[in-house]
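Undergrad: Sharing a structure with you now.
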Amino acid sequence: MAKYIFIAGGVMSGIGKGVSCASIGKILQGKGFLVTALKIDPYINIDAGTMDLSIHGEAFVTEDGDQCDQDMGNYERFLGENLCRDNYMTTGRVYQAVINRERNLGYGGKCVEVVPHIPEEVIRRIKKAQRKTKADFVLIEIGGTVGEYQNLLFLEAARMLKLRHPQDVVFVLVSYLPIPKMIGEMKTKPTQHAVRSLNMAGIQPDIIIARAQVPLDPPRKKKISIFCNIDEKNVISAPDIESIYEVPLNFEKDNLGNRILEKFGLRSRKNNLKDWKKLVTIIKNAKETVKIAAIEKNIDSKATALTDCYISMIEAIKHAAWSFKRIPEIHWLEARSYERDLSLLKNLKKFDGVIIPNNSERGGRGVEGKIKAIEYCRKNKIPFLGLCLGMQLAVVEFARNVCKLKRANSTEFVPNCQVPVIDVMADRKGTMRLGAYQCKLTPGTRSRQVYGSPLVSERHRHRYELNNEFRDVLEKKGMLMAGINPERDLVEIVEIPNHPFFVATQFHPEFKSRPLRPHPLFKEFIKTCLK
């Protein structure tokens, strides 16, 4: 029988349930167990694809093309495993499945009710993910916080699974302990209330991960133990730290892994986080920096939101920089500023490299500024990496300024443009290219050298493509088509030769970067930046 660990949040959101879930998984992996992780989002949305990135964070894309919550990216990065759509569910997805089954007479004429049929569908999905991965441990993060009506049915599913398999289910509560400035003392009362809310759902937490600015002291642990009906040793201190990759090691200071195994009556098969410890040592001891400019359409007051919109890209930059024992400095620059003042472009020379990612929101604001920045990087030999929209705009820039197709544009921004070098392919109107597609690498190109393989697979999330009608003119003027999707003859990578590094991809390489296995394109980009 597989073991199930439910991770819920208390007091407030954004305190690190996803990282806690991923870290528990990493610890259990280090002890020799097979682990998978699921995220339950309490939204009616069927997936994360239609959600506003600046509010919800990036839509992480799995190998099989599911658009998920950004926590799924953390699971993949920590566990080093590719997850799939079976590892993600929303309220909308669960209700849709139940309604479809009812319409197909799947309930044999019974009255279909919210309870038990919705929780049973949740349990069915959890068990399906376990069977597919054959995991020893299934970690299930429940979105939101306890006490919200949106996630009550998911808590009910957890309670029902515990009732059926009492020895195989453990509950972890990640709760915040504030330190009010005017008092200067850590307060446990909000966590006490969170535990009582969980108790009202029929669940007693087995372990409490206590998030706070500073480590928990013994009096606070004792108080939580008394008022939350939990052994002191099962209160885990989780203070703020600089790097999320230190969290598993921090948890192990309180022996979290063995606490969990004790709950299940299991023993550790081994204890190996050696590579993870090396990584954390590099992160903490790195002194020299590499400065990367990331150009966004509109910074305004969204600087904090940008870290969520582009979390996979940011982490991929970090992974690559750490592999060279460097501290990555990412500077967000506003694309629209270059539309107002071209003299600002010279400031790009202050950075070691420039990245232009996908759009964080729909619309064409800042596009012309990004095109100006790409032109400046191309002409001034500044290392450049374009991702998705970044590739499309690199093609537009090259078409305008090298091929002299002055009206070149993307039909995303100018639907009736006369020179649509970027367009929606005729057989893909109204749909997106999602998930993993093969990319055949052109011999002699930088990308072929970097990957070290003639054929690779990368993940996509886009509608628009390089228009094949313009490939000849682009190639004749010197743009290399470095990667092609062999099934549909679509351009995946473009390069500019005789440049330190000018590579742009239609796919999202950031989705496959791992802290212990940096993505080769990001690694080569950072390597060039350091030169």
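Undergrad: Checking ALA135 against (1) more than 17 Å from ASN229 (Cβ to Cβ); (2) of a type in the set (A, V, I, L, M); (3) over 28 Å from the mean Cα position of the chain (by Cα); (4) in a loop (DSSP other than H, G, I, E, B): exactly one of these is not met. Which one?
TA: (3) is the only condition that ALA135 fails.
Undergrad: Report, by residue number, each residue of the stretch 10-24 that is touching a Pro at 6+ places or on another chain (Cβ under 9 Å) and either crowded, with 24+ Cβ neighbours inside 10 Å or free of Cβ contacts under 8 Å to residues at least 12 places away in the same chain (or both).
TA: Taking the stretch 10-24 and keeping what is touching a Pro at 6+ places or on another chain (Cβ under 9 Å), we get 10-12, 22-24.
Answer for the stretch 10-24, where residues must be touching a Pro at 6+ places or on another chain (Cβ under 9 Å) and either crowded, with 24+ Cβ neighbours inside 10 Å or free of Cβ contacts under 8 Å to residues at least 12 places away in the same chain (or both): GLY10, ALA22, SER23, ILE24.
Undergrad: Among ILE55, ILE5, ILE27, which is closer than 30 Å to ILE208 by Cβ and surrounded by fewer than 23 Cβ atoms within 10 Å (Cβ to Cβ)?
TA: Just one listed residue meets the conditions, ILE55.
Every residue, every condition in (1) in contact with a Lys or Arg (Cβ under 7 Å, 6 or more places away or on another chain); (2) closer than 16 Å to MET89 by Cβ; (3) modelled with pLDDT under 95; (4) of a type outside the set (Lys, Arg), yes or no:
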| site | (1), (2), (3), (4) |
| --- | --- |
| ILE5 | no, no, no, yes |
| ALA22 | no, no, no, yes |
| LYS26 | no, no, no, no |
| THR36 | no, yes, no, yes |
| LYS39 | no, yes, no, no |
| GLY49 | no, yes, yes, yes |
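Undergrad: How many residues, within the stretch 144-158, are modelled with pLDDT under 95, touching a strand residue (DSSP E or B) at 6+ places or on another chain (Cβ under 6 Å) and closer than 16 Å to TYR95 by Cβ?
TA: Qualifying residue count for the region: 1.
Undergrad: In the stretch 182-222, how many are within 15 Å of ASP240 (Cβ to Cβ) and among the basic types (Lys, Arg)?
TA: Residues meeting the conditions: 1.
Undergrad: Any chance the stretch 220-232 includes a residue that's modelled with pLDDT under 95, outside any helix (DSSP H, G or I) and in contact with a helix residue (DSSP H, G or I) (Cβ under 7 Å, 6 or more places away or on another chain)?
TA: No, the conditions are met nowhere in the stretch 220-232.
Undergrad: Might you let me know whether the stretch 414-421 holds any residue that is at pLDDT below 95, touching a strand residue (DSSP E or B) at 6+ places or on another chain (Cβ under 8 Å) and surrounded by 20 or more Cβ atoms within 10 Å (Cβ to Cβ)?
TA: No, the stretch 414-421 has no match at all.
Undergrad: Identify, from the list VAL146, VAL174, the residue that is assigned to a loop (DSSP other than H, G, I, E, B), of a type in the set (A, V, I, L, M) and in contact with a Ser or Thr (Cβ under 7 Å, 6 or more places away or on another chain).
TA: Values: VAL174 fails: assigned to a loop (DSSP other than H, G, I, E, B).
Answer to the check: VAL146.
Undergrad: Let me ask something else about it. Taking the stated definitions as given, is ILE209 under 28 Å from the mean Cα position of the chain (by Cα), assigned by TED's automatic domain parsing to the domain that holds ILE44 and either surrounded by 18 or more Cβ atoms within 10 Å (Cβ to Cβ) or assigned to a loop (DSSP other than H, G, I, E, B) (or both)?
TA: yes
Undergrad: A further question on this structure: Just wondering, is there one or more residues in the stretch 499-506 that are under 21 Å from ARG433 (Cα atoms), free of Cβ contacts under 8 Å to residues at least 40 places away in the same chain and either surrounded by 17 or more Cβ atoms within 10 Å (Cβ to Cβ) or in the same structural domain as ARG433 (by TED's automatic domain parsing) (or both)?
TA: no
Undergrad: Taking the criterion of being among the aliphatic types (A, V, I, L, M), surrounded by fewer than 20 Cβ atoms within 10 Å (Cβ to Cβ) and more than 21 Å from ALA8 (Cα to Cα), would at least one residue in the stretch 103-113 satisfy it?
TA: Within the stretch 103-113, one or more residues are among the aliphatic types (A, V, I, L, M), surrounded by fewer than 20 Cβ atoms within 10 Å (Cβ to Cβ) and more than 21 Å from ALA8 (Cα to Cα).
Undergrad: Continuing with the same structure: Of these, LYS263, LYS346, which one is surrounded by 15 or more Cβ atoms within 10 Å (Cβ to Cβ) and more than 27 Å from the chain's Cα centre (by Cα)? Quick ask: steps written out before the conclusion?
TA: Numbers: LYS346 fails: surrounded by 15 or more Cβ atoms within 10 Å (Cβ to Cβ).
Only one candidate qualifies: LYS263.
Undergrad: Same structure, new question: Just one of the numbered conditions (1) at pLDDT 95 or above; (2) surrounded by 22 or more Cβ atoms within 10 Å (Cβ to Cβ); (3) outside any helix (DSSP H, G or I) is not true of GLY65; which one?
TA: (2)
Undergrad: Related question: Which is without any contact (Cβ under 8 Å) to a residue 40 or more places away in the chain and among the charged types (D, E, K, R), of GLU113, GLU156?
TA: Numbers: GLU156 fails: without any contact (Cβ under 8 Å) to a residue 40 or more places away in the chain.
Every option except GLU113 fails the conditions.
The values are calculated or read from the model by the stated rules, or taken from the named source; none is laboratory data. Because the structure is a prediction, the values reported are computed rather than measured. A quick note on method: Cβ atoms are made from the backbone with ideal geometry, for glycine too, and the neighbour counts reach across all protein chains shown.
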